[in-house]
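*Asks:* Just passing along the structure, written as structure tokens.
The values are calculated or read from the model by the stated rules, or taken from the named source; none is laboratory data. In this text, all values refer to a predicted model and were calculated from it rather than measured experimentally. Reconstructed Cβ throughout: ideal geometry from the backbone, glycine too, with neighbour counts over all protein chains shown. To get the accessible areas, we keep the full protein, side chains included, count just its heavy atoms, and leave off ligands, DNA and RNA. Shrake-Rupley method; radii C 1.70, N 1.55, O 1.52, S 1.80 Å.
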Amino acid sequence: MRGLPQPGKDNPRVIDLSGKAAIAGVFESPRRDAPRVHPFALQMECILGALDDAGLTLKDVDGLCAASGDWAEGGSTMDVVELAEYIGIAPTYVNSTDVGGCSYILQAGQAAAAIATGLAEVVVISYAACPRWWPLSSPSFDPFVFPAGPGQYEIPYAPTLISTYGLFARRHMDLYGTTPEQLAQVAVTFREHAAKNPDARLRKPITVDDVLASPMIASPLHRLDCCVVTDGGGAVVMTSRERARDLKKPPVHVVGYGAAVARTQNSQIPDDLTTPAALSGPRAFAMAGVTPGEIDVAQIYDAFTITPMLALEDLGFCGRGESGAFVADGNLTLGGSLPTNTDGGGLSSNHPGKRGIFTLIESVRQLRGEGPGVQVPDARIALAHGLGGTFCSAATAILAR
């Protein structure tokens, strides 16, 4: 049995957050359709659920993190202030950093630092969205489509989010010989996990042939290469390690964390498809004092099948260009070397818009032995990884029990 990792013990320049903060409670809304439910109401449900999981109440909360500042998620630039008002707290530590889908992993690292330095004692990280019904016609300043600034050089070509990921997948195929079948295997594997998760949006098993036979959305990505669109939300409660020991559930410690940002424009992506995970991952591993080979279970953002494949390479689980073979060999399955997205991930379970918080929630559930679907036996160290935009940002957290 391995002991708790010793973060940064061999690198004095790495900030050591181990032993300072722990995740004491988590909650994921089982809803996948929430018609006419305001996202704040979903967040309230998730926050109360996570606090109950920890054995705490709203009166204990002095820190709040939220980032859902656009029309699709029912937020604004004052989202964290409005949410605090809605749930009835006056936190002394707030964080509304928004770097896209991985924002909540980034916030978890910053919350750990806040707890370690005494800025807060109990921090709630929350997210919810209802894109299946929320009005999509409201004006929004989106740097990816706004006809000014850096976007002006790509807007004439009318890129969409899905077509951009299709370009990433096509480039990977051209560079490294990745096949449509290998991409499809990602979706098949995560659907196998979702089949045992009663809350997953899609649970019916699929085959590689099913993926390839589904309609082409943005070549080479078929419909089943793309994430589901659901309503939903989740929350995470963090506190000091000392306080977590006396709470309702066994604490899960944040032992490593890293974040990085790179670019917004597709034309600036490195030729070999390196993403910011190549920076956030090594930082998290160095802080935790572990290697990729010591990770028992991983939760990796999967908006499209190409998404976790690039992360696997940048995080060091396989070599550059080798993720197709890594996936095809069954490494992401329950019996593989790196069981991944054990709840079904964004491809099958849920994806309200920004899925980073669910990677934290499922990591905690796996380390507690509470996986809602498949459960990795005796998991001790988990990795939660997310991205923002089109690989514009990344955040990685290492959790341990």
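*Asks:* What are the residues in region 32-44 that are crowded, with 20+ Cβ neighbours inside 10 Å and in contact (Cβ under 8 Å) with a residue 60 or more places away in the chain, if any?
*Replies:* Once the filter is applied, which keeps residues that are crowded, with 20+ Cβ neighbours inside 10 Å and in contact (Cβ under 8 Å) with a residue 60 or more places away in the chain, region 32-44 yields Ala34, Pro39, Phe40, Leu42, Gln43.
*Asks:* What are the residues in region 90-107 that are of a type in the set (A, V, I, L, M, F, W, C) and over 14 Å from Gly356 (Cα atoms), if any?
*Replies:* Within region 90-107, Ala90, Val94 qualify.
*Asks:* Here is a further query. Output the residues belonging to region 226-283 that are in contact (Cβ under 8 Å) with a residue 12 or more places away in the chain and among the basic types (Lys, Arg).
*Replies:* Correct list: Arg241, Arg243, Lys248, Lys249, Arg263, Arg283.
*Asks:* Return the only residue of Glu45, Glu28 being under 16 Å from Lys354 (Cα atoms), of a type in the set (Asp, Glu), within 21 Å of the chain's Cα centre (by Cα) and modelled with pLDDT of 90 or more. Don't jump to the end; show me each part of the working.
*Replies:* Values: Glu45 fails: under 16 Å from Lys354 (Cα atoms).
Exactly one of Glu45, Glu28 is under 16 Å from Lys354 (Cα atoms), of a type in the set (Asp, Glu), within 21 Å of the chain's Cα centre (by Cα) and modelled with pLDDT of 90 or more, namely Glu28.
*Asks:* Still on this structure, please answer the following. Within region 235-242, is even one residue in a strand (DSSP E or B) and either open to solvent by 10 Å² or more (accessible area, probe 1.4 Å) or of a type in the set (S, T, N, Q) (or both)? I'd like the intermediate steps shown before the answer.
*Replies:* Initially, region 235-242 is screened for residues in a strand (DSSP E or B), giving 235-240.
Cutting the leftovers down to either open to solvent by 10 Å² or more (accessible area, probe 1.4 Å) or of a type in the set (S, T, N, Q) (or both) gives us 239-240.
Yes: one or more hits.
*Asks:* Filter region 286-336 for residues that are part of a helix (DSSP H, G or I) and modelled with pLDDT under 95; which is surrounded by the fewest Cβ atoms within 10 Å (Cβ to Cβ)?
*Replies:* Here the answer is Ala286.
*Asks:* Does Ser18 satisfy the criteria of being open to solvent by less than 10 Å² (accessible area, probe 1.4 Å), in a loop (DSSP other than H, G, I, E, B) and modelled with pLDDT of 50 or more? First the steps, then the outcome.
*Replies:* Working: open to solvent by less than 10 Å² (accessible area, probe 1.4 Å): no; in a loop (DSSP other than H, G, I, E, B): yes; modelled with pLDDT of 50 or more: yes.
No: the conditions fail for Ser18.
*Asks:* For region 171-220, which positions are part of a helix (DSSP H, G or I) and among the acidic types (Asp, Glu)?
*Replies:* Passing the criteria: Asp174, Glu181, Glu192, Asp209, Asp210.
*Asks:* Next question, about the same structure. Go through (1) open to solvent by less than 30 Å² (accessible area, probe 1.4 Å); (2) over 18 Å from Phe304 (Cα atoms) for Pro372 and report which single condition fails.
*Replies:* Every listed condition holds for Pro372 apart from (1).
*Asks:* Does region 45-63 hold any residues that are small (Gly, Ala, Ser) and open to solvent by less than 10 Å² (accessible area, probe 1.4 Å), and which are they?
*Replies:* Ala50, Ala54, Gly63
*Asks:* Which of (1) at pLDDT 95 or above; (2) in a loop (DSSP other than H, G, I, E, B); (3) over 13 Å from the mean Cα position of the chain (by Cα); (4) not aliphatic (A, V, I, L, M) is the odd one out, the single condition Asp343 does not satisfy?
*Replies:* (3)
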